[in-house]
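I have placed the structure first, in the form of structure tokens, so that the comments after it can refer back to it.
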Amino acid sequence: MALRTLINRKTLTTTVPLGFRGLQTFSLPDLPYDYGALEPAISGEIMQLHHQKHHQAYITNYNKALEQLDAATTKGDASTVVKLQSAIKFNGGGHVNHSIFWNNLAPVHEGGGEPPKGSLGWSIDNSFGSLEALIQKMTTEGAALQGSGWVWLALDKEFKRLVVETTANQASCVLLFLQDPLVTKGPSLVPLLGIDVWEHAYYLQYKNVRPDYLKNIWKVINWKYASEVFEKENP
Amino acid sequence: MASTQGFSLSARSSNENVAAKIELKAPPYPLDALEPHMSRKTLEFHWGKHHRSYVDNLNKQIVGTELHGKTLEAIIVNTYNKGDLHPSFNNAAQVWNHDFFWESMKPGGGGVPNGELLELIKRDFGSFEEFEKEFKTAAATQFGSGWAWLVYKAQDNKLLVIKTPNAVNPLVLDYYPLLTVDVWEHAYYLDFQNRRPDYLSVFMENLVSWEAVSSRLQLAKAQAAQT
């Protein structure tokens, strides 16, 4: 494995030429902190790989799928359009989920780990009893998730309450209704906080011990961002 | 929550416990035997922690239930429950999948098979290269965790490549498994990080035990002829 070199934040916006129809393509967002800034909870090595390799790959493949979709749509090739849906859902979902995730984390000296105040803090106490109870629930569900996926704290706008949900692979929180037809509340879910429990999110540091990763990640959770999203939906 | 239909929690006599426990089988080679293609460190974690956990957790789940005392294969088919997975399916199938995976590899493995297996691969895929491409593509495009397989479909007397998510395996899909590669990230992350395609190339070039695949094919055809 690579030596531990000095790890710095890098700007990695890749510009992709727009198609002749002005097709929107996506590029890797910067992290709001250095790769090493979340240590010791999450190693700089993991942050760099996770951002530069995994997230970038989702974006690259998402852009490719969108270009293929554009071509197929133009040609009226319905079966290709349908066949591309899983690649779009997977790679687009991966891009969306990871973009949220980077904002869900913050170095300790920038407020990482500080409990939520204001209306989100109050709502958490109301919905789960306490912040500790919410953390316990998300940790337990994240640890129990089979295979790859995410554990979310989301706001259900329709019923005006906070919920904890898990999604498989890169399914988006807002697409929950597609995974379980009995659940129709998917589109009204606003993700506030997502924790990546794919093995790539923790393996180099925590190996098979996902529960230790989940125990430690709370030290760098950026509740300020979650609060901002929450307050925007609840003015 | 999964339903408990068919899985009563009646107590079993203690002398069945010892015989009924699912065991962790060791790979058929030392943990460093696949170096440098698959590191000892990977085997220590993958076999010593992940595979061992599946075994331990399965035993905890089945003790005192009707599953206790059944063979691993029977537990897998039972708990697959036609896709409505019972909680112990994941552990049971993953125990079996990993046994099968270790036995799919050998030191000095890889390359090209010979004999009847090679002929059938050529017949059903066009060429060995086309088989290899299809197998590696299936393994590379399994979104999330899962496995890629070479299987024998008895009804059609044909070899196929399939990919499965998480713990699902060909036993529950009515195919005879011949070869597998684990594409859960824990299988390759220490050695290859995100580079799953590199892992797959190394697997094909250096690790596949074609002897194991051939003997499984012989067994599959013999079993298929009996049914």
Hits in the range A:89-116 - residues which are within 14 Å of another protein chain (Cβ to nearest Cβ) and more than 16 Å from the chain's Cα centre (by Cα): none
Test for residue B:110: is it touching a residue at least 40 places away in the same chain (Cβ under 8 Å), within 20 Å of residue B:191 (Cβ to Cβ), away from every other protein chain (no Cβ under 14 Å) and in a loop (DSSP other than H, G, I, E, B): yes
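When you look at residue B:188, is it within 17 Å of the chain's Cα centre (by Cα) and within 14 Å of chain A (Cβ to nearest Cβ), yes or no?
The answer is yes for residue B:188.
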Conditions (1) more than 14 Å from chain B (Cβ to nearest Cβ); (2) farther than 19 Å from residue A:194 by Cβ: number failed by residue A:128: (2)
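Can you pull out the residues in the range B:105-124 that are surrounded by 17 or more Cβ atoms within 10 Å (Cβ to Cβ), of a type outside the set (A, V, I, L, M) and touching a Lys or Arg at 6+ places or on another chain (Cβ under 9 Å)? Walk me through how you get there before you give the answer.
Of all residues in the range B:105-124, those surrounded by 17 or more Cβ atoms within 10 Å (Cβ to Cβ) come to B:105-106, B:109-110, B:113, B:117, B:120-121, B:124.
Still in the list and also of a type outside the set (A, V, I, L, M): B:106, B:109-110, B:113, B:124.
Matches in the range B:105-124: B:124 only.
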Total residues in the range A:194-227, condition over 28 Å from residue B:46 (Cα atoms) and within 11 Å of another protein chain (Cβ to nearest Cβ): 0
Which numbered condition residue A:181 fails, given (1) modelled with pLDDT of 95 or more; (2) more than 12 Å from every other protein chain (Cβ to nearest Cβ): (1)
Residue match in the range A:68-80 (condition: within 14 Å of chain B (Cβ to nearest Cβ), out of contact with any Ser or Thr (no Cβ under 8 Å at 6 or more places or on another chain) and without any contact (Cβ under 8 Å) to a residue 40 or more places away in the chain): no
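Just one of B:77, B:95 is touching a helix residue (DSSP H, G or I) at 6+ places or on another chain (Cβ under 8 Å), part of a helix (DSSP H, G or I), aliphatic (A, V, I, L, M) and under 19 Å from residue A:147 (Cα atoms); which is it?
Working: B:77 fails: under 19 Å from residue A:147 (Cα atoms).
The unique qualifying residue is B:95.
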Positions within the range B:133-185 being within 14 Å of another protein chain (Cβ to nearest Cβ), within 11 Å of the chain's Cα centre (by Cα) and of a type in the set (Phe, Trp, Tyr), in sequence order: B:147
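The values are calculated or read from the model by the stated rules, or taken from the named source; none is laboratory data. Nothing here was measured: the structure is a model prediction, and the numbers come from that model. Every residue, glycine as well, gets a Cβ built from its backbone with ideal geometry; the counts of neighbours run over all protein chains shown.
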